[in-house]
Structure formats: C-alpha cells, structure tokens
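A short write-up of the structure that comes next.
The values are calculated or read from the model by the stated rules, or taken from the named source; none is laboratory data. Every value quoted in this text rests on a predicted model; they were computed, and no experiment measured them. A quick note on method: Cβ atoms are made from the backbone with ideal geometry, for glycine too, and the neighbour counts reach across all protein chains shown.
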Protein chains: 2
Amino acid sequence: MHIDTSPGAVTRVPGYRAAGVACGLKQSGQLDLALVLSEHPAVAAGVFTTNAFRAAPVLYDEALLTRRPPPLVRAVVINAGNANACTGEAGLHDAEQMARITERALGLPRDTVLVMSTGVIGHRLPMDKVEQGIYAAAQSLSSSGGAAAARAMMTTDLVPKEAYVHVDTEDGRFSIGGMAKGSGMIHPALARPTSAEKLSHAHATMLCLIVSDARLSAPVLQDALDTAVALSFNRITVDGDTSTNDTVLLLASGQENVREITPGREAHRLFQIALNEVCRSLAKQIARDGEGATRLVEITVCGARSDAEAERAAKAIATSPLVKTAIFGADPNWGRILAAVGRSGAHVEPLHTDLWLGPIQLVAAGTPLDFDHSAARAVLQQPEVAIRVDLGLGAGAVTVWTCDLSYKYIEINAEYHT
Amino acid sequence: MHIDTSPGAVTRVPGYRAAGVACGLKQSGQLDLALVLSEHPAVAAGVFTTNAFRAAPVLYDEALLTRRPPPLVRAVVINAGNANACTGEAGLHDAEQMARITERALGLPRDTVLVMSTGVIGHRLPMDKVEQGIYAAAQSLSSSGGAAAARAMMTTDLVPKEAYVHVDTEDGRFSIGGMAKGSGMIHPALARPTSAEKLSHAHATMLCLIVSDARLSAPVLQDALDTAVALSFNRITVDGDTSTNDTVLLLASGQENVREITPGREAHRLFQIALNEVCRSLAKQIARDGEGATRLVEITVCGARSDAEAERAAKAIATSPLVKTAIFGADPNWGRILAAVGRSGAHVEPLHTDLWLGPIQLVAAGTPLDFDHSAARAVLQQPEVAIRVDLGLGAGAVTVWTCDLSYKYIEINAEYHT
C-alpha cells in the first residue's frame, strides 16, 4: 500500500474539489481559507479534543455530528490566522455563520457544512473578510485545488501535510486523501463526540480533514476513524500541550452504485489499513514539523505489562524536555530515557530493562553496556531517530512519535506575541 | 517567623559541624564533597523519589531508615559530580563504602551515616578520591562549615540554597537549618520509604539535608517531614522530569535535657510551621534557580472541586512549555494557561473560570477582559510572577512554583554531554 505524500491529496480522491485563498486573516497575506466540496452528500465522522476548553468550531461540529440521524455533509470550510476561540457566544454565532455563508455560496442545504479554525485566540473573526474569502474560494474550487487548501490551513507549519492512497479490492477501488496542519501545542487526545456543549474558550492547533469516495455507514466510518486516530494522532506529541481546537474530520461520499464497505468484508479490512496508514503518515508529518524540530523521533516501548503501561512509558519519554534536548544535542544520554520511564507510572523492574538507540544497544538487563559513543552520536544526527525500551515484563507494546527540543522552539514560542 | 537564607544554615543549628572539600569528582576542581556531623546521635527521617529507577545511595538510605528500631544517625556524607547511578551491584557496594569510610574517618559506630550523591550517571565512583575527600572533610569539620557544605553539593546550580530559622517556645528554643541543591530534572515526587530494594539505575537531581536541635521521636519527625515536603518540594517543577536520586533527609538531635516535641503541644505546632517554612524557602530557591530560569513563577489554582484537582491544574500550567516560553517572552498569553488547565483533567466549567496575572485580571467568567497589555507585560518582566486561576467550583486550592523556559535551558541540556 503506497502512501503518496505529494501535494493535492484531497482532490486526488474522485468527487472532491477544493480551493485555498487569501482573505486577509493572516497578516502575511498568505493563503488562509480552505474550502473542500464533495460533489455528493457524504457520510461524516469526527474526533475532537478532550480539552475542557473547546473552541466554537469544535462545539459547532460536535453538535452537528451528534444529531440523530447524522446529517450528510457536502463541504468543509477551514480558516487559519484566527482560532475563533475565547470569543464567547458571539464566537459560536460566527462559527455558525461560517457554515451558513458557505452553504449560501455553494447553494447547499442547511447543515451540510463543517467548520475548522486555527490561529490567534481571543479575537472575533473578521466576518466580512471570512465571507469574502468563502465566496472567492467557492468561485475557485477545482479538482486540482487540494494543494492550495492544504497550504491555507497552515499556521506555524513550515510545510503542508498531505497523504493519499488508493486500494483495489474485490468490491472495486476506493481512494482516501487527507491533509493536516499542526506544529505546536501538539499532544492530541481526541475522542468521538458524545454530547454538545454551549460555549468554549480555546487555542488553535492540529486540524485534519480526510476524504474518501468509499461508501460506509456513519457508525462504521466513525469506528474506523476512532481506530485509526488511536494509532496515529493520539500517539504524537510535540510539547505535551493538548490544544482546545484539535479536530479530525472524515468524509465518505460513496454513492449507491458503489458497494458498501461493511465489517467482515475484505474491503473493510483494507479500508481500515489504508485509513490507518494515511493517519499515521499525517501524524508523523506533524511530529517531524514540530516547532523547532530538527529530528523525527520514534519511541517504542515493548515488554510492558499492558499496552496502556507501554503508552505511559513511551509518552513520558516523548514529553521529557531532558530527553528531547539530549536528542537535539545528539547526546546518547540513556539515563534521561530510563529516568523518564521510571517516573511514568508504568511498572518497571530495573534489572529487566533493555534500551536501544537505533541498532545500538545501550542498556542490557538494567546494566549500561560499553557502547561506541561516536556511533551512537551518529545515530542521533540522522533526521529520524529510533529509541526502543524493552521492559521485559509482558506483551504490552506501543510506538509514539515526537521531535527534539531546540533553541528554535523557544524562539517561536517566546517571540510570538498575542 | 524569620527565615534566614544567608550562607551557613546547617551549622547555625547548635550541635552540628560541617565541611565542604574538593576531592576531584568535579572536573572543574570546585567543592564536591560535603560532610555534616551531629555531635549527638540524631533521630532521622527521610523521603525519597518515587521514580522506579532509584540510585544506590537512595536504596542505601531507605534500607537504613526502614530498620526497626530505626538507627540513630551521626553524619551525612554527600558527593557531587558523580551520581553513583546505573552502576549495578558495585554501585550499591560503593554507597555502603561511603558510609563505612565516613564512620571510620569520624570514629563512629556502624550504621550511623547516611549518603547522598548527585552528578553524572553510569560511572563508578572513584572511591580513592571519595575516601581522600571524606578524610579531608572530617579533618576540616567546623561550626562555620555550613556554607562550604552547601556549595559542595551543587551541580548545575548557580547559587547554593540555604534556610535557617529558630523559634522560642514555652518548652525552650529550637533551630532548624537546611541546605538543598537542584536546578534541572526537578519535579520531585517524594514519599517516605516503605521497603528496601536491591539495585537501581539513576540520574542526579534534588538533594536536601535539614538538621535541627529539637527532640522528636522518629515517627513524629517523619510525619512532620511528610507534611512539610507535601507543601514544598512536591510542589515545585522545573522541567517535569522526576529524578531518580531525589532525597530529603531530616535529623533531630535534641538530647535528654531538651523537652520532647510531641503532637498536641504548642511547640509541635510551631515546629511544623518552621519546618514548612524552611522547606518552602528551599523549594522556591530551587525553582528560582531552575536551569536557564529568568523568573520565579508562583501558580495558584483555587475554586477547584478538591485540592487534588487544583494541584493537577496548577501542575499542568507549571509544566506547560507553551506557558513557560510565553513567560520568558513576557507575553500575557492567557489562552495557553487556560489550555493547560483544560487538559489537566481537573473539572472545569469554562464560564466559571477567572484568571489573574499578578494584580491584573485577564479573564472573568471565561470571557477575556480588555486589559492593559503593557501593564501585563510589565508584570511578566518582574523576577517573580504570580498567576492565579479561580475555577469557581469549590474550595480546592494549591500553590506551586516553577520557572520560565529559556534558550539557556536548551543550551545547558543539549550541550551537556554524557
């Protein structure tokens, strides 16, 4: 299964058009409003931040997706430069208006548009600019607009994140294409919506839109998304700070003439694998482009008493400033890694613990080995670094992704002013 | 109650002598071995890191203090420059030898010496240098040696941390003097020893020795230390990384002619207050001297449903890299503070939340106020910054201390090489 990360992923999926325009939300004048249209009414699924302070667009989408029966969706509108967060009841009204304006601009029925926002907080959306941007985007929708849309959702991202795959099955071909943004305030803890709330206050971070021409029912699509997100976005961290705007949306527009993908069929298994791979590719692209990152770090903890304990240990390593600065400095400081594992709450027997850096084993049965320091430093100087800890206690295992912590992270976050 | 933070705290307490010497454990040639002697056998209490990987000296002290009846202690030996961590069975033997050599050098009975180590990991202690240092320190013990001892335990610390207080009670006067070290890998999670283990692997960080001439039983002393630590060392964080060597030891040498401090007496209440203040002073000194720190940050969360929820929220703020970099940049970025609270797991009702920066209220009932940005920036440019969040839900409240996150933190930790 080949994941294509070249530009234009969402419009590579048949039946989708997209656009990215500049409407003045970013002071830089760069693209800041993305619009994606499905030619056919699409089944939709979503997962949203579990942060207690949730932004207006998050609350809007949650309310729409928890209706029974769930509405079919035709478009997603995304703005960058302003998160529509901590803007009170007025902000919730603005999020609704983004949907209403998009419906009007595209001639769609009510409640067929989902909304995402990212950017500065505490400021009302300049709705005149947003409206102008939505109409401009609606005018320029095209089957080659995916790349512009992916750029329009970026904030501190250095590069857009895209992933596309198509799969041929006994039931025919399906395609999945996704685009994501995110660089700082990255520690997603996403869950399916369970209830709608009235208002929130928020900050911007990781957004992802995935589209497919497959045909699935809403519950099956939501289950597939939950599974994929648990293995991808919920396993990355840049700075341990879970945002209040995190959102992943998934549309499936397959029509009557397409065979429905139902659990138990081979096509269902392949859809899940393909979705997992798209999500994992996008998640790793986010970790690699973490604020100030110079390395992508893949951390595997195995031999834990459970997967949950493995995840606690892996995330303790992934969020440790001492581990992340050591990686930035290319220092094979295994003591910091063991210390993070030791504070994680995972059950540990020191004399059962092994540790590898890439192919080099540094610790065996809790005892430091006499390893080649310059070889270990060379491993750490690669753009991708793998750390593996075997707790030697059970079958629990997990892999998470993060990045190193550099001077540039401080610069980005200390010199960014509200 | 006046806390004196000037040099020489431990030897300001009657009945204690101390020394700090250089024996070559630090490549810089600076003081690296501290010795503190109680003229009288002292009751001892201790709390130790809850990290699963615990260093040899931690295991040695835990084993001694959990004996029943607990032994009376005469001296504490502390080295910096080498943590005696991840050194296996041999390291445990070295920790024991540090105690044995100290007993020999001072003519003390067996099992009357406690040990602390801090510094680089994974290297055996050069026991010849340690032995030479212990004998040199034993020779130079004096009632003015407290300041040198406090300097000898430093690693990346820029300044020594000391605190002294004396209190006159109806039962007579008692003194408490303490010294601490710690700058990075600071997120203590300390608990009284419950069992001894065989071996560990570790890294160095916060150490503290407190001495008193008061007379208390071992259980009463341990209870007092537990209470004080919960309000002080367990409420600071520099980088969220709990060390494997964290240790706080408390000696009380009061003799037969001193009235025993027992629960219910006024002197007991005053002892607890004095010990709390000494520990809080030392803890705040550690946070203020956190690696790369330019500000001491005091974070209070009140109005929580419980103290435990208040602590979760306060520690989420205190460990947030985005909050800490914003403080370094003197940016009143209240959105990052609310986002940290929102991910903390504490129960939050957005519309009940208030937020203050020093005297300036930034958020009321979840709604951003139109505050004076330059005044807020001025608050953040002070050496001490106070953040207060009122969740508006209950009586739970806690105060924790941290520091900002600067370029210097990256430099210290990326350019330090094992």
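Here are some notes:
- Residue that is nearest to B:P368 (Cα to Cα), among those in region B:330-350 that are under 27 Å from the mean Cα position of the chain (by Cα) and among the β-branched types (V, I, T): B:I337
- Flag for A:A202 being modelled with pLDDT under 95, outside any helix (DSSP H, G or I) and buried (at least 19 other Cβ atoms within 10 Å of the Cβ): yes
- Every residue from region B:334-353 that is facing another protein chain (nearest Cβ under 7 Å) and in a loop (DSSP other than H, G, I, E, B): B:V348
- When A:R104 is tested against (1) farther than 29 Å from A:Y164 by Cα; (2) buried (at least 24 other Cβ atoms within 10 Å of the Cβ), exactly one condition is not met: (2).
- In region B:354-373, the residues that are more than 8 Å from chain A (Cβ to nearest Cβ), in a loop (DSSP other than H, G, I, E, B) and not acidic (D, E): B:G358, B:P359, B:A365, B:L369, B:F371
- Filter pass, B:A75 being touching a residue at least 60 places away in the same chain (Cβ under 8 Å), assigned to a strand (DSSP E or B) and closer than 30 Å to B:R265 by Cα: no
- Extreme residue, nearest to the other protein chains (Cβ to nearest Cβ), among residues of region B:124-140 that are over 24 Å from the mean Cα position of the chain (by Cα) and assigned to a loop (DSSP other than H, G, I, E, B): B:R124
- Among residues of region B:11-24, those that are within 26 Å of B:V120 (Cα to Cα) and buried (at least 24 other Cβ atoms within 10 Å of the Cβ), counted: 3
- Consider region B:207-232 and keep the residues that are assigned to a helix (DSSP H, G or I) and of a type in the set (V, I, T). The one that is surrounded by the most Cβ atoms within 10 Å (Cβ to Cβ) is B:V229.
- Residue that is buried (at least 24 other Cβ atoms within 10 Å of the Cβ), in contact with a Cys (Cβ under 7 Å, 6 or more places away or on another chain) and in contact (Cβ under 8 Å) with a residue 12 or more places away in the chain, where the choices are B:V301, B:V278, B:V248, B:V323: B:V248
- Any hit, region B:287-294, residues being more than 13 Å from the chain's Cα centre (by Cα) and within 30 Å of B:A42 (Cβ to Cβ): no
- Residue in region B:398-411 that is nearest to the other protein chains (Cβ to nearest Cβ), counting only those that are surrounded by fewer than 19 Cβ atoms within 10 Å (Cβ to Cβ) and either under 23 Å from B:A339 (Cα atoms) or not acidic (D, E) (or both): B:Y407
- Residue count, region A:257-275 (criterion: farther than 29 Å from A:L296 by Cα and either in contact (Cβ under 8 Å) with a residue 24 or more places away in the chain or within 14 Å of chain B (Cβ to nearest Cβ) (or both)): 10
- Restricting region B:61-103 to residues that are under 25 Å from B:L221 (Cβ atoms) and among the small types (G, A, S), the residue that is farthest from the other protein chains (Cβ to nearest Cβ): B:A75
- Residue within region A:372-383 that is charged (D, E, K, R), in the same structural domain as A:P350 (by TED's automatic domain parsing) and without any contact (Cβ under 8 Å) to a residue 12 or more places away in the chain present: no
- Residues satisfying the stated conditions in region B:139-158, i.e. surrounded by fewer than 24 Cβ atoms within 10 Å (Cβ to Cβ) and either closer than 20 Å to B:N245 by Cβ or in contact with a His (Cβ under 6 Å, 6 or more places away or on another chain) (or both): B:R151, B:T155, B:T156, B:D157, B:L158
- Taken over region A:374-397, the residue count meeting the criterion of being hydrophobic (A, V, I, L, M, F, W, C), outside any helix (DSSP H, G or I) and touching a strand residue (DSSP E or B) at 6+ places or on another chain (Cβ under 6 Å) is 7.
- Here is the figure for region A:92-123: residues that are touching a residue at least 60 places away in the same chain (Cβ under 8 Å), part of a helix (DSSP H, G or I) and closer than 22 Å to B:G335 by Cα total 1.
- Residue ID - farthest from the other protein chains (Cβ to nearest Cβ), chosen from residues in region B:158-193 that are over 23 Å from B:G146 (Cβ atoms) and small (G, A, S): B:A191
- Test: residue in region A:36-43 that is surrounded by fewer than 20 Cβ atoms within 10 Å (Cβ to Cβ), assigned by TED's automatic domain parsing to the domain that holds A:P14, over 15 Å from A:A218 (Cα atoms) and modelled with pLDDT under 90: no
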